[in-house]
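Please read the structure below before turning to the comments.
The values are calculated or read from the model by the stated rules, or taken from the named source; none is laboratory data. In this text, all values refer to a predicted model and were calculated from it rather than measured experimentally. Note that we place each Cβ from the backbone using ideal geometry, even for glycine, and neighbour counts take in every protein chain shown.
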Amino acid sequence: MGKSCGRWCLARKSKRDGCGARPFMPSLFWRRPFTCINAMKPSDSVEAFVSCPLQVERELLREISEVRPLLMNPEARFITEVWETRPVQGGVHVKTSYIATLQLNYWLKLAHRVLLRVGNFQALSLPRLRARLQGIDFRPYWGDRDFRLKVEAGSCRISNEKLIRRLCGEIWPVADPVPDSVSDSSSRTVLVRGWRDDWTVSVDTSGAHLHQRGYRKKSGPAPLRETLAALTWRLLAEDAPVSKLREVQILDPMAGSGTLLREAFDLYRPQMERDFLFSDFANCPKLLRGPQQWANHRLDFSTFQRGAAIDKDVNLAAILKENLSTTGFFQRIGDFAKVANRNELGLEEERELWIAANPPYGERLAQPAKESWRREWWPFVERMNPRRLAVWLPEKEVPSFLRGIPPADRQRQGQEAHSVRQFAISNGGIPCRILLFNRTFPQTSSVGGSAQVGASGTSADATGF
């Protein structure tokens, strides 16, 4: 047997060549090039990752494409350059200018956070990881101030998160290696994440979670998160233009704290009632430091002009009134089953009506509260006669809910074609479906790749409402 030559070879030599060296391994040499991006000017090109709930990535990509024409360059003019976007599990990768990336925080209603990529590299050993991290400078963002550190490592050769956290603390002396649960979510944050030996270092530009819009000070039991409420209206509206939405009336018969209706009212409005972490950056563009940017838009961001909220919990009356104070929507405390017609809610009989509801479900609610609404639901819907309808339900309750549609509504002669779509998503750890009824569809269609089967396994277009 030949001896090893003590070096890496491009190919294994034959035995008679006297070399038993291991073959060349490209994965050890042709590594991803190291990139460290520190935005010094508003027009500098940067990469970002916009996170969102699972199953919402495609809808977030559509939202990003819609808000792109509303973003401004450093000269306070609307951006015209081409973006690079790519949806992945849990979010969307975006490559655009620094100032445009920061403005995404104002406009996106489906996103969790906007993370600015400042490092992207491969590291197979601790010395290599140390060398790469030492090349990243956070002074353009926070100067010499300290920041919170969050570390995640999965399927990596370097998987000891405590060791990585200690290493980062040595490289960046001002870093705070306190566990994530102790730190404030709105503080300055750096995220170091490794997956299969590929590492990214990101700066959080959002601060507090983007679902915290700033208007909801209190909420009722088992509230719907704002991002999911906005998703409901986007799915219900589909490709309807804003001019169409302004003509539509909306109704939430189980309003709770009013999240669904408030998100409908603010669907295309920028978030101006809260602060973002990027405003504290040392290199934050001057255009984003004050309210003057909104004067440059001169656009009408309003959508739904008329709406109504109903809830029978008297303890939520004050919260509902506060959350909907700027909308001008009608509010009523009482049982939706006792509403005889639209006029009682300040709604017009001739105008198109959409209904969205998040009925009570989940472990935090009593069983009678979760079942009492079903007996009166379809008679109420029949009286209101909406054009479109969206209902949140746990996945296991969908078949029984569809079976509850009155047979007369299914078999009525001469009635317009109905359809129901189902969007699968998790709400607070509960597998749910958003059921979307629409009288304008000639046949069933799918949303987000979810299945569309009726209660008895038949096509859902056989049902009406």
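Residue by residue, here is whether (1) over 24 Å from the mean Cα position of the chain (by Cα); (2) of a type in the set (G, A, S); (3) closer than 27 Å to R439 by Cα; (4) surrounded by 15 or more Cβ atoms within 10 Å (Cβ to Cβ) holds:
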position	(1), (2), (3), (4)
L267	no, no, yes, yes
M272	no, no, no, no
L345	yes, no, yes, yes
E348	yes, no, yes, no
R351	yes, no, yes, no
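If E161 meets every condition in (1) modelled with pLDDT of 90 or more; (2) within 23 Å of A48 (Cα to Cα) apart from one, which number is that one?
So the condition that E161 fails would be (2).
Can you tell me which of (1) over 17 Å from L436 (Cα atoms); (2) touching a Ser or Thr at 6+ places or on another chain (Cβ under 9 Å); (3) surrounded by fewer than 23 Cβ atoms within 10 Å (Cβ to Cβ) is the one P241 doesn't meet?
(2)
Among strands (runs of 3 or more DSSP E) lying entirely in the range 185-263, which contain 2 or more residues that are touching a Cys at 6+ places or on another chain (Cβ under 8 Å) and closer than 23 Å to E57 by Cβ?
Of the strands (runs of 3 or more DSSP E) lying wholly inside the range 185-263, those with at least 2 residues that are touching a Cys at 6+ places or on another chain (Cβ under 8 Å) and closer than 23 Å to E57 by Cβ span 189-195.
What number of residues within the range 300-324 are of a type in the set (V, I, T), surrounded by 15 or more Cβ atoms within 10 Å (Cβ to Cβ) and either modelled with pLDDT under 90 or not in a strand (DSSP E or B) (or both)?
Adding up the residues that qualify gives 2.
Mind listing whichever residues of the range 347-383 are touching a strand residue (DSSP E or B) at 6+ places or on another chain (Cβ under 6 Å) and modelled with pLDDT of 85 or more?
Within the range 347-383, L347, R351, L353, W354, I355, A356, A357, N358 qualify.
Condition test on S257, is it among the small types (G, A, S) and in contact with a Pro (Cβ under 9 Å, 6 or more places away or on another chain)?
Yes: the conditions hold for S257.
Take the residues of the range 31-79 that are under 28 Å from V242 (Cα atoms) and among the hydroxyl-bearing types (S, T, Y): which is modelled with the highest pLDDT?
Per the stated criteria, the residue is S51.
Would you check if there is a residue in the range 148-157 being surrounded by fewer than 19 Cβ atoms within 10 Å (Cβ to Cβ) and more than 28 Å from the chain's Cα centre (by Cα)?
Looking for residues that are surrounded by fewer than 19 Cβ atoms within 10 Å (Cβ to Cβ) and more than 28 Å from the chain's Cα centre (by Cα), one finds at least one in the range 148-157, hence yes.
So which residues in the range 53-102 are in contact with a strand residue (DSSP E or B) (Cβ under 7 Å, 6 or more places away or on another chain), at positive phi and part of a loop (DSSP other than H, G, I, E, B)?
Those that are in contact with a strand residue (DSSP E or B) (Cβ under 7 Å, 6 or more places away or on another chain), at positive phi and part of a loop (DSSP other than H, G, I, E, B): Q55, G90.
Using beta carbons and a limit of 7 Å, which pairs, at least six apart or on different chains, have the first residue in the range 105-116 and farther than 18 Å from M72 by Cα and in contact (Cβ under 8 Å) with a residue 40 or more places away in the chain and the second one aliphatic (A, V, I, L, M) and assigned to a helix (DSSP H, G or I)?
Pairs that qualify, where the first residue is farther than 18 Å from M72 by Cα and in contact (Cβ under 8 Å) with a residue 40 or more places away in the chain and the partner is aliphatic (A, V, I, L, M) and assigned to a helix (DSSP H, G or I), are K109/A230; L110/L60; L110/A230; L110/L231; A111/L60.
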